[in-house]
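> Starting off with a structure, shown below.
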Amino acid sequence: MAENNKNSRRKFLDNGLKLGLVAAVGGIGLTKIASKLNAQTEEAHSGEKMELMTADGTLIEVDSSEVMEAHNSKQNEGHYDVREGIPNRKFVMVIDLAKCKNALKCVDACNKYHYVTGDNAWLKVHKMQESKDTASYWMPRTCMHCDQPACVTVCPVGATFKRRDGLVLIDNERCIGCRFCMAACPYSTRVFNWSEPNQGEISMNMDGMHSSPDYAGRPSLKGTPDKCDFCPHAINEGELPHCVTACPNGVFYFGDKYEDTVTNGEVTLRLTKLLEDKAGYRLLEELGTLPSVYYLPPVDRLVDFKEGLEQYKKFKSVEK
Amino acid sequence: MKNHDKILNDLVPLKFGKNGVIWIIFLIILIIIGTIAYIDQIIKGQVVTNMRDYALWGIYISNFVFFVATSFVGTVTVAYLRLTDNNWRTPLVRIAEIISFAAIIMAGLTIMIDMGRPDRMLNLFLHGRLQSPITWDVIIVPTYIILSFLLLYYPLLPDFAILEKYFEKKNSFLSKWYGKLAINWEDNKAQNIVQKKSIKIIVVMLIPIGILLQTIDAWLFSTTYRIGWDSTNMGAYFISGAFVAGVGALVTVVYVLRKVRKLEDYITDYHFDKLGKFLGLAILIYLYFNIQEYLLPVFTAPTQEKIHLDALLTGEYALLFWFTLIFGLIIPLFIVLFKKGRKPLPMLVVGLMVVVGSWWKRYVIVTPTLLHPFLPIEGVPESWHHYFPSMHEWLITGATLAMALLIITILVRYLPVIGIQKTINEQDLINTDKNIEL
């Protein structure tokens with residue numbers, strides 16, 4: 001009995017589906033014919049032919065009146081939502097430790113363009129040494145924009161969020177200031193506005209300026225955290241993040257994982273090949289946070305570590 | 001019948017004496033100072049604290065954890081001792097319920113002090129996310145507040161009815177209020193059955209919810225990647241720690257109330273002896289989890305964890321770490337092991353040691369971990385490499401502690417600290433037993 005019931009239901013579903021399909025196909029056919037008819041009545045063949053190349057490379061001739069501009073799939077995705085991100089993109093960064101001389105231009109540029117006026121820069125260059133017997137190296141540290149971001153998981157109000165294009169951003173207007181995200185971040189990336197931030201020029205023209213997650217630090221808000229935002233405001237303008245363009249040594253590469261390309265402004269490289277050739281790795285990979293920032297190990301150093309030491313300031317990262 | 005009158009006269013709430021008034025004024029002054037400090041913090045921002053980007057949580061959080069831990073006393077003494085038929089609890093449960101209620105209310109308030117944007121509190125409900133351990137806290141703390149309130153209120157019903165009658169001529173205003181609170185309690189059979197059942201349900205609910213509260217508190221820390229917090233031991237460690245803190249607070253308050261209200265006939269050496277053993281048990285369990293938490297990792301700690309452990313065991317935090325262990329646990333344990341150590345006065349000393357030790361223990365759990373991140377602390381002022389609370393933090397924290405004591409004091413002023421009806425019932429039971437024996 002049960003078997004029977006099931007069978008009859010399946011039959012019903014099958015029939016329904018078929019009927020639906022027929023109707024849909026029929027509908028499409030009808031509209032096609034209708035549009036053809038319309039086209040024919042409205043404007044006759046112009047007689048002019050155009051040569052076009054198909055996707056597989058053969059040349060064809062088409063009447064020019066039939067040619068229409070195809071919609072680019074990327075443009076087609078519609079509007080930009082600050083919490084959703086830029087469609088069909090996945091931003092990544094590669095930091096080549098072999099090239100870093102601790103010039104600190106990245107830190108300066110970041111501080112300048114994000115109006116960082118506290119005591120703790122968002123971007124830092126760490127002095128690293130794995131063990132006493134191995135060489136020291138400089139390691140710039142941005143936000144890792146993790147694919148499994150610990151900060152986003154623990155945020156009680158969704159003030160910090162992960163976008164489809166890979167960025168982890170902060171909505172400073174929503175944040176309640178519990179600092180759980182800061183406790184959760186294993187990279188100590190986040191800084192906090194312990195007092196009313198004094199941002200100089202920007203605070204003067206702050207009227208009418210709304211803080212937006214895609215331009216962190218403009219303005220910073222008391223009682224909420226800030227951090228490296230991967231500069232979506234620059235990306236939207238078709239530019240590279242400020243640290244990438246500021247670096248005199250081409251340490252930072254920025255790009256799109258889907259396009260598999262990264263650029264430091266001078267050279268553009270295949271991401272997969274670069275990571276494979278130079279044994280790229282991610283910071284604290286074992287934690288499983290899946291950072292979007294890759295590091296290339298400090299091999300064959302082109303620069304003397306001691307050179308950078310002159311610039312090294314243990315207790316200061318923001319020029320006042 | 002005369003016996004009943006004596007019990008009633010002994011246990012009925014009394015007006016404050018001179019000392020009581022001084023005590024209340026002292027607490028209110030502390031609260032006012034703390035409130036001023038807090039308003040200043042709201043205006044200037046949390047820059048008035050010594051918390052910074054690395055030591056991003058401080059005594060606000062450790063004090064919160066202390067309050068949550070102390071509130072566990074309701075679960076432990078009332079629920080466990082009831083379900084295990086430990087009848088020595090009778091004169092102590094009301095006090096435990098009062099402490100529990102005051103502590104959990106203050107826990108809820110304290111956590112707000114730590115918020116950078118208290119003005120956006122509503123976002124917790126408008127944009128709440130269930131993934132966040134803070135949301136779990138937002139759910140469990142009010143639940144525990146309600147449960148603690150009911151646990152305090154239900155057993156009070158018969159007492160309210162008694163007090164209504166007692167104050168009928170002496171103070172009609174109080175009598176009216178007690179009458180309202182008694183919600184028509186007539187001490188009839190049906191009411192008694194409903195009340196007993198309700199209390200039983202609350203008590204049974206209190207055990208899982210109390211354990212959950214402590215565990216969620218532990219999860220606030222152990223859901224992060226931080227060295228020293230990222231431990232599967234945390235839940236049990238916090239529960240057993242709360243057991244110690246709660247019973248320690250109970251011992252202290254019981255001693256003080258017994259002295260002030262002259263309850264020596266009701267809370268006897270026998271009760272202190274039992275409390276001492278109970279506290280000893282709590283300390284032993286907590287020590288076990290301390291060994292799990294700190295001794296075991298010594299053997300297998302990776303480099304980073306080793307740095308953290310060294311700072312605790314022999315480094316910057318060694319003094320505090322060993323203070324909380326030796327002064328707050330081991331010496332008290334040693335004292336309560338002896339029969340003489342479980343007399344009232346030594347028990348007061350033990351209780352105070354345990355409470356102070358418990359408070360600093362939370363400090364040792366919260367602070368050192370934050371100052372041992374994975375990546376080096378660089379590019380920040382040298383003072384950011386260390387943390388010790390600022391004056392604002394001390395004043396505000398002092399005010400929260402004073403507020404907890406004030407809540408306890410006010411409740412003690414208006415509620416009988418020992419259940420009157422219950423004591424009378426038990427007295428009758430003993431008398432009838434004696435009669436049968438005779």
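> How many of the residues in segment A:269-313 are within 30 Å of B:D230 (Cβ to Cβ), within 14 Å of chain B (Cβ to nearest Cβ) and touching a Lys or Arg at 6+ places or on another chain (Cβ under 8 Å)? Break it down stepwise before answering.
Residues of segment A:269-313 within 30 Å of B:D230 (Cβ to Cβ): A:275, A:279-298.
Next, only the ones that are within 14 Å of chain B (Cβ to nearest Cβ) stay: A:282-291, A:293, A:295.
Filter once more, so that each one left must be touching a Lys or Arg at 6+ places or on another chain (Cβ under 8 Å): A:283, A:290-291, A:293, A:295.
Of the residues in segment A:269-313, 5 are within 30 Å of B:D230 (Cβ to Cβ), within 14 Å of chain B (Cβ to nearest Cβ) and touching a Lys or Arg at 6+ places or on another chain (Cβ under 8 Å).
> Look through segment B:351-376, keep the residues that are surrounded by fewer than 17 Cβ atoms within 10 Å (Cβ to Cβ) and in a helix (DSSP H, G or I), and return whichever of them is farthest from the other protein chains (Cβ to nearest Cβ).
Ranking the candidates gives B:L352 first.
Here is a yes/no grid of residues against (1) among the aromatic types (F, W, Y); (2) within 8 Å of chain B (Cβ to nearest Cβ); (3) farther than 30 Å from B:M115 by Cβ:
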| residue | (1), (2), (3) |
| --- | --- |
| A:D81 | no, no, no |
| A:K101 | no, no, yes |
| A:D108 | no, no, yes |
| A:V116 | no, no, no |
| A:H126 | no, yes, yes |
| A:C146 | no, no, no |
| A:T153 | no, yes, no |
| A:G158 | no, yes, no |
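Here's the yes/no breakdown for (1) in contact with a Gly (Cβ under 9 Å, 6 or more places away or on another chain); (2) aromatic (F, W, Y); (3) surrounded by fewer than 18 Cβ atoms within 10 Å (Cβ to Cβ):
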{"site": "B:H4", "(1), (2), (3)": "no, no, yes"}
{"site": "B:P13", "(1), (2), (3)": "no, no, no"}
{"site": "B:L27", "(1), (2), (3)": "no, no, no"}
{"site": "B:I42", "(1), (2), (3)": "no, no, yes"}
{"site": "B:Q46", "(1), (2), (3)": "yes, no, no"}
{"site": "B:G58", "(1), (2), (3)": "no, no, no"}
{"site": "B:A69", "(1), (2), (3)": "yes, no, no"}
{"site": "B:A79", "(1), (2), (3)": "yes, no, no"}
{"site": "B:N86", "(1), (2), (3)": "no, no, yes"}
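> Let me ask something additional. When the residues of segment A:182-192 are narrowed to those that are within 7 Å of chain B (Cβ to nearest Cβ) and assigned to a loop (DSSP other than H, G, I, E, B), which ends up farthest from A:C143 (Cα to Cα)?
The initial filter retains those residues of segment A:182-192 that are within 7 Å of chain B (Cβ to nearest Cβ), namely A:182-184, A:186-188, A:191-192.
Still in the list and also assigned to a loop (DSSP other than H, G, I, E, B): A:186-188.
Values: A:P186: 11, A:Y187: 8, A:S188: 9 Å.
My answer is A:P186.
> Considering (1) away from chain A (no Cβ under 14 Å); (2) in contact with a strand residue (DSSP E or B) (Cβ under 6 Å, 6 or more places away or on another chain), say which one B:G379 fails and leave the rest.
(1)
> Could you check how many residues of segment A:161-181 are outside any loop (DSSP other than H, G, I, E, B), crowded, with 23+ Cβ neighbours inside 10 Å and without any contact (Cβ under 8 Å) to a residue 60 or more places away in the chain?
Within segment A:161-181, residues that are outside any loop (DSSP other than H, G, I, E, B), crowded, with 23+ Cβ neighbours inside 10 Å and without any contact (Cβ under 8 Å) to a residue 60 or more places away in the chain number 4.
> Taking the residues in segment B:88-115 that are closer than 30 Å to B:E426 by Cα and of a type outside the set (A, V, I, L, M) as candidates, determine which candidate is surrounded by the fewest Cβ atoms within 10 Å (Cβ to Cβ).
Among those that are closer than 30 Å to B:E426 by Cα and of a type outside the set (A, V, I, L, M), it is B:W88.
> Test of understanding: among A:E310, A:E319, which residue is under 20 Å from A:R141 (Cα atoms) and without any contact (Cβ under 8 Å) to a residue 60 or more places away in the chain?
A:E310
> For segment B:316-324, indicate whether the set of residues that are among the charged types (D, E, K, R) and more than 18 Å from B:G248 (Cα to Cα) is non-empty. Don't jump to the end; show me each part of the working.
Residues of segment B:316-324 that are among the charged types (D, E, K, R), as a first pass: B:316.
Checking the rest, the ones that are also more than 18 Å from B:G248 (Cα to Cα) come to B:316.
Within segment B:316-324, one or more residues are among the charged types (D, E, K, R) and more than 18 Å from B:G248 (Cα to Cα).
> Another question about this same structure. Can you work out which of the residues in segment B:117-127 that are closer than 22 Å to A:A184 by Cα and out of contact with any helix residue (DSSP H, G or I) (no Cβ under 6 Å at 6 or more places or on another chain) is farthest from the other protein chains (Cβ to nearest Cβ)?
For segment B:117-127, the residue satisfying everything is B:F125.
> Right, here's the next one. Could you tell me whether segment B:233-251 includes any residue that is outside any loop (DSSP other than H, G, I, E, B), among the hydroxyl-bearing types (S, T, Y) and within 19 Å of B:F67 (Cβ to Cβ)?
yes
> While we're here: What strands (runs of 3 or more DSSP E), lying completely within segment A:225-288, carry at least 2 residues that are over 15 Å from A:I95 (Cβ atoms)?
Result: A:268-270.
> Please pick out the residue among B:T252, B:T268, B:T224 that is hydroxyl-bearing (S, T, Y), on the phi < 0 side of the Ramachandran plot and surrounded by fewer than 16 Cβ atoms within 10 Å (Cβ to Cβ).
Selected residue: B:T268, the only one of B:T252, B:T268, B:T224 that is hydroxyl-bearing (S, T, Y), on the phi < 0 side of the Ramachandran plot and surrounded by fewer than 16 Cβ atoms within 10 Å (Cβ to Cβ).
Taken together, the values in this text are just the output of simple stated rules run on the coordinates, not laboratory data. Everything quoted here is computed from the prediction, not taken from an experiment. Virtual Cβ from ideal backbone geometry, glycine too; neighbours counted across all protein chains shown.
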